[in-house]
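Asks: Here it is, the structure, as structure tokens.
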Amino acid sequence: MKKLYTSVLAMAICLVAQALPDGQYEYVLDLTIVKDDKVQVILTPPKITESETTFYMPKIIPGTYSVSDYGRFVEDFKALDKKGKELKVEKTSVNSWKIYKANKLSKVTYWVKDSYDNDVEGPGVFEPAGTNIEEGKNFVINSAGFFGYFENMTRMPFKFNVVRDPKMYGSTGLIALSTGRPMDTSLDLSEIELTKSEASVDTYLTESYDHLVDNPLMYCEPDTSIIKVAGAEVLISTYSPGQVVKSEEVKGAIEKILMAQKEYLGGELPVDKYAFICYFTERPVRAVGALEHSYSSLYSMRNQPIQSMIGMFNRFAAHEFFHIVTPLNIHSQEIHQFDFNEPKMSKHLWLYEGITEFFAGNVQVKYDIITQEQYFQALQGKMNNASYRFNDSLAFTDLSKYTLNKYSDQYGNVYEKGALIGMCLDLKLRSLSDGEYGVQNMMFDLAEKYGKDQAFDDEELFDIITEMTYPEIRAFFTTYVEGTTPLPYDEFLELAGVDYKASETRKEINMGIPQGTIGYNPETSRIYLTNVEGLNEFGKSFGLKNGDVLVGINGNEIPLTGIMAFLQGVKEGMEVGAEMTYTVMRQGEDGSESKIDLTAEIVEVDVEYSHILSLNEEPTESQLAVRNGWLTKNE
């Protein structure tokens, strides 16, 4: 072990041969050797004058709104003086280490486990915010999982060196200081196994710890594509075992939406480089998803053909890419000076996530990626979710402020009601401006006022927006964002000549298994029954039981991927009076499983629909102006 440490220390000294500025961190992360699914990190710290200091790994990072406790994944933490002698260290919490005689500190070393496949006690880490260490294949480097900081010392440069196999490529939104630099040949590597002599080094520099965490990386053998969007270079990088998904396929899936977003943002982007970092996995995952950053977004998805994910990729890409507007150019003090271990949450998630989600749908209907009917269906889904899955009377500012604790179960509503707040605000603004000024214009004006380096005061934003727009907008915020009044969809949609019905009943054919009656097992990729009491008349006629696993329909096996497309095909072929057969795996009392066919005659059933939207065929001139501003692109 001593020999192992000595070699890494020599490497670190070699990499920072020039004298470090007193106010700069310098990290070395070696990916060429993995020990028990761990890699070693070495830090040459900035100058510390205090006799004691505390080193932190983050509890939480921006964009996740949930606790991760990255310190759980750190082992064998050591603080060393110039002679290599260990200084006294006390672990004071899951994410902190107190270092004594810190003014003598010369090096910090520790080993890091990844979050993807380590059963470490504590909260689950959202996959796109996690880390992966897969020797010789893939490394997902969300910096919060590898690099820490000293107390009160986050607002200074962080330099880091990644030692890698020359066959690997580092995908990131960062612009490297240097890439592919060979290891220093003067370093004696003859008796050590840690760092291969043929290893390459990539070096990066960030202006602060916030900037470091804001820029994830992924190292693997390269599969990359480039899209030019309004002068910006957009990198698409994929890691897919067996190359089930290729970067060119992802490019083909999202290129149209990116070009539409460029036009939606006025033909210009606030970034010169952006990266879509896409990790596809064959192991079971809690949930697929993506995490936004200012210059990139990281995706964790199941490793299945791109054709089954195009719609989802468009939705994810549209949402994450729009985050280059906010929080990059519009953000509060709470985000501008983020506290990674004692975070103070902003009350404006309606802005960061809600408006971004509104943009993600609105751009698609404006630029003909989806039809108006499809857009209305998406809005109907959000209204249903906001009404029935979440507390529609909870003040949105309170949801935002307390999303880490008492309202954590309501966070998902930022993508539902948050987007609907964006829609209603857009309609209100356009009704006051003959259709000319909407949320797009409001966000442009806010970005112009603040920008990347200036934050707004959380308590002042509503008044500032009111001053920039119309006096009536203050009442909107008071009532529907700060207040507990649910959004009156009929009132706002009427401004655009859209008819709204709260509910209606229709007779129709369906598969008998409504939402809320089934679950999904990510380990087997199978659907199973969870609430047979909630089945409709047709569904109950099969004799299904809770726990039944659906494996086939009408003699055709339900695929493990592309399930929704398969089910849609089944539904389209259903006719009243015909028979339909579900094949299920059912567990007996003795624990054994048997395959059973359950057959029933197809009948029409009453289906209750909520939040129905339709266009008024005879809108007034004012309504048409609002509608056109909302749903059509500017000519």
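The values are calculated or read from the model by the stated rules, or taken from the named source; none is laboratory data. Being a predicted model, the structure only gives us computed values, none of them experimental. Please note: Cβ atoms are built from the backbone with ideal geometry, for glycine as well, and neighbour counts cover all protein chains shown. Just the protein is used for accessible areas: all its heavy atoms, side chains included, with ligands, DNA and RNA removed. Shrake-Rupley method; radii C 1.70, N 1.55, O 1.52, S 1.80 Å.
Asks: Quick check, is F542 more than 23 Å from T281 (Cβ to Cβ) and in contact with a Phe, Trp or Tyr (Cβ under 6 Å, 6 or more places away or on another chain)? Even if it seems obvious, please write down each step before you answer.
Replies: Values: more than 23 Å from T281 (Cβ to Cβ): yes; in contact with a Phe, Trp or Tyr (Cβ under 6 Å, 6 or more places away or on another chain): yes.
Yes, satisfied.
Asks: Hey, T485 hits all of (1) within 29 Å of Q307 (Cα to Cα); (2) out of contact with any Gly (no Cβ under 8 Å at 6 or more places or on another chain); (3) assigned to a loop (DSSP other than H, G, I, E, B); (4) of a type in the set (V, I, T) but one; which does it fall short on?
Replies: (1)
Asks: Also, quick follow-up: Please name all residue pairs, on different chains or six or more residues apart, with Cβ atoms under 9 Å, provided the first residue is in the stretch 79-94 and is under 20 Å from K47 (Cα atoms) and the second residue is assigned to a loop (DSSP other than H, G, I, E, B) and of a type in the set (K, R).
Replies: Cβ pairs passing all conditions: A79/K88; A79/K101; D81/K101; L87/K101; K88/K101.
Asks: Then there is this: If you go through the stretch 58-92 one residue at a time, how many are within 18 Å of N132 (Cβ to Cβ) and among the hydrophobic types (A, V, I, L, M, F, W, C)?
Replies: Residues meeting the conditions: 3.
Asks: Now, a different point. When you scan the stretch 5-32, how many residues do you find that are at pLDDT below 90 and either open to solvent by less than 40 Å² (accessible area, probe 1.4 Å) or in a strand (DSSP E or B) (or both)?
Replies: Residues in the stretch 5-32 being at pLDDT below 90 and either open to solvent by less than 40 Å² (accessible area, probe 1.4 Å) or in a strand (DSSP E or B) (or both): 10 in total.
Asks: Looking at (1) in contact with a Gly (Cβ under 7 Å, 6 or more places away or on another chain); (2) open to solvent by 20 Å² or more (accessible area, probe 1.4 Å), which one does S106 not meet, given that it meets all the others?
Replies: It is condition (1) that S106 fails.
Asks: Further question: Can you tell me which residue is least open to solvent (accessible area, probe 1.4 Å) among those in the stretch 426-449 that are assigned to a loop (DSSP other than H, G, I, E, B) and farther than 17 Å from K366 by Cα?
Replies: Here is the first cut: in the stretch 426-449, the residues assigned to a loop (DSSP other than H, G, I, E, B) are 432-438.
With farther than 17 Å from K366 by Cα added as a condition, the list becomes 432-434.
Working: L432: 53, S433: 18, D434: 117 Å².
Among those residues, the one meeting the criterion is S433.
Asks: Any idea how many residues of the stretch 342-369 are of a type in the set (A, V, I, L, M), in a loop (DSSP other than H, G, I, E, B) and buried (at least 18 other Cβ atoms within 10 Å of the Cβ)? Working first, answer last.
Replies: From the stretch 342-369, those of a type in the set (A, V, I, L, M) are 345, 349, 351, 355, 360, 363, 365, 369; that's our starting set.
Imposing the further condition that a residue be in a loop (DSSP other than H, G, I, E, B) reduces the set to 345, 369.
Now narrow it down to the ones that are buried (at least 18 other Cβ atoms within 10 Å of the Cβ): 345.
Number satisfying all stated conditions: 1.
Asks: Select from the stretch 52-100 the residues that are part of a strand (DSSP E or B) and hydrophobic (A, V, I, L, M, F, W, C) and list them in ascending order. Walk me through it before giving the result.
Replies: Quick first cut of the stretch 52-100, residues part of a strand (DSSP E or B) only: 52-56, 74-80, 86, 89-93, 96-100.
F55, V74, F77, A79, L80, V89, W97, I99 - these are the residues of the stretch 52-100 that are part of a strand (DSSP E or B) and hydrophobic (A, V, I, L, M, F, W, C).
Asks: Okay, next question. So the check is Cβ under 6 Å with 6+ separation or different chains; which pairs have a first residue in the stretch 161-177 that's under 22 Å from Y299 (Cβ atoms) and a second one that's open to solvent by less than 30 Å² (accessible area, probe 1.4 Å) and part of a loop (DSSP other than H, G, I, E, B)?
Replies: R164/L31; T172/N215; G173/N215; L174/N215
Table: residues versus (1) surrounded by fewer than 19 Cβ atoms within 10 Å (Cβ to Cβ); (2) among the aliphatic types (A, V, I, L, M); (3) under 15 Å from Y352 (Cα atoms).
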position	(1), (2), (3)
K382	no, no, no
N391	yes, no, no
K401	no, no, yes
S408	yes, no, no
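Asks: Considering each residue of the stretch 488-501, count those that are open to solvent by less than 60 Å² (accessible area, probe 1.4 Å) and either at pLDDT below 95 or in a helix (DSSP H, G or I) (or both), and give that number.
Replies: Narrowing the stretch 488-501 to residues open to solvent by less than 60 Å² (accessible area, probe 1.4 Å): 488-489, 492-493, 495-498, 500.
Still in the list and also either at pLDDT below 95 or in a helix (DSSP H, G or I) (or both): 489, 492-493.
The total comes to 3.
Asks: Out of curiosity, is A287 open to solvent by less than 50 Å² (accessible area, probe 1.4 Å), closer than 22 Å to F139 by Cα, of a type outside the set (S, T, N, Q) and touching a strand residue (DSSP E or B) at 6+ places or on another chain (Cβ under 7 Å)? So that I can check it myself, show each step before the final result.
Replies: Numbers: open to solvent by less than 50 Å² (accessible area, probe 1.4 Å): yes; closer than 22 Å to F139 by Cα: yes; of a type outside the set (S, T, N, Q): yes; touching a strand residue (DSSP E or B) at 6+ places or on another chain (Cβ under 7 Å): no.
Spelling it out, it is not the case that A287 is open to solvent by less than 50 Å² (accessible area, probe 1.4 Å), closer than 22 Å to F139 by Cα, of a type outside the set (S, T, N, Q) and touching a strand residue (DSSP E or B) at 6+ places or on another chain (Cβ under 7 Å).
Asks: Considering only residues of the stretch 213-232 that are open to solvent by 10 Å² or more (accessible area, probe 1.4 Å) and over 21 Å from the mean Cα position of the chain (by Cα), which is modelled with the lowest pLDDT?
Replies: The extreme case among them is G231.
Asks: Please note which strands (runs of 3 or more DSSP E) are completely contained in the stretch 576-635 and include at least 3 residues that are surrounded by 16 or more Cβ atoms within 10 Å (Cβ to Cβ).
Replies: The qualifying strands (runs of 3 or more DSSP E) are 579-587, 605-615.
Asks: Let me spell it out: the conditions are (1) over 18 Å from the mean Cα position of the chain (by Cα); (2) among the β-branched types (V, I, T); (3) open to solvent by 10 Å² or more (accessible area, probe 1.4 Å), and V325 meets all of them except one. Which number is the exception?
Replies: (1)
Asks: Give me the residue from the stretch 55-74 that is open to solvent by 20 Å² or more (accessible area, probe 1.4 Å) and modelled with pLDDT of 95 or more and, out of that set, farthest from F340 (Cα to Cα). Show your work before the answer.
Replies: Looking only at the stretch 55-74, we keep the residues that are open to solvent by 20 Å² or more (accessible area, probe 1.4 Å), and these are 56, 59, 62, 65-67, 69, 72.
Still in the list and also modelled with pLDDT of 95 or more: 56, 59, 69, 72.
Numbers: Y56: 9, K59: 6, D69: 10, R72: 15 Å.
If we take residues in the stretch 55-74 being open to solvent by 20 Å² or more (accessible area, probe 1.4 Å) and modelled with pLDDT of 95 or more, then R72 is farthest from F340 (Cα to Cα).
Asks: Here's another thing I want to ask about it. When you scan the stretch 287-306, do you find a residue that is farther than 27 Å from S66 by Cβ, in contact (Cβ under 8 Å) with a residue 40 or more places away in the chain and part of a loop (DSSP other than H, G, I, E, B), even just one? Don't jump to the end; show me each part of the working.
Replies: Step one: of the stretch 287-306, the residues farther than 27 Å from S66 by Cβ are 305-306.
Within this subset, residues satisfying the condition of being in contact (Cβ under 8 Å) with a residue 40 or more places away in the chain are 305-306.
Filter once more, keeping what is part of a loop (DSSP other than H, G, I, E, B): 305.
There is at least one residue in the stretch 287-306 that is farther than 27 Å from S66 by Cβ, in contact (Cβ under 8 Å) with a residue 40 or more places away in the chain and part of a loop (DSSP other than H, G, I, E, B).
Asks: Out of the residues in the stretch 504-533 that are open to solvent by 60 Å² or more (accessible area, probe 1.4 Å) and modelled with pLDDT of 90 or more, which is farthest from the chain's Cα centre (by Cα)? Walk me through it before giving the result.
Replies: From the stretch 504-533, those open to solvent by 60 Å² or more (accessible area, probe 1.4 Å) are 505-507, 515, 518, 520, 523-524, 528, 530, 533; that's our starting set.
Imposing the further condition that a residue be modelled with pLDDT of 90 or more reduces the set to 505-507, 518, 528, 530, 533.
Values: T505: 36, R506: 37, K507: 39, I518: 25, Y528: 27, T530: 28, E533: 35 Å.
Of everything passing the filter in the stretch 504-533, K507 is farthest from the chain's Cα centre (by Cα).
Asks: Being within 30 Å of G242 (Cα to Cα) and touching a residue at least 40 places away in the same chain (Cβ under 8 Å) is the requirement here; does H336 meet it?
Replies: Numbers: within 30 Å of G242 (Cα to Cα): no; touching a residue at least 40 places away in the same chain (Cβ under 8 Å): yes.
So H336 does not fit the description; no.
Asks: While we're here: Condition (residue is surrounded by 20 or more Cβ atoms within 10 Å (Cβ to Cβ), touching a residue at least 40 places away in the same chain (Cβ under 8 Å) and among the charged types (D, E, K, R)) applied to the stretch 119-134: is it met by at least one residue? First the steps, then the outcome.
Replies: Of all residues in the stretch 119-134, those surrounded by 20 or more Cβ atoms within 10 Å (Cβ to Cβ) come to 125-133.
Still in the running and touching a residue at least 40 places away in the same chain (Cβ under 8 Å): 125-133.
The next check asks that each one be among the charged types (D, E, K, R); those that pass are 127.
So far as the stretch 119-134 goes, yes, one or more of its residues are surrounded by 20 or more Cβ atoms within 10 Å (Cβ to Cβ), touching a residue at least 40 places away in the same chain (Cβ under 8 Å) and among the charged types (D, E, K, R).
Asks: So which residues in the stretch 233-258 are in contact with a Phe, Trp or Tyr (Cβ under 6 Å, 6 or more places away or on another chain) and in a strand (DSSP E or B)?
Replies: Those that are in contact with a Phe, Trp or Tyr (Cβ under 6 Å, 6 or more places away or on another chain) and in a strand (DSSP E or B): V234, I236, Y239.
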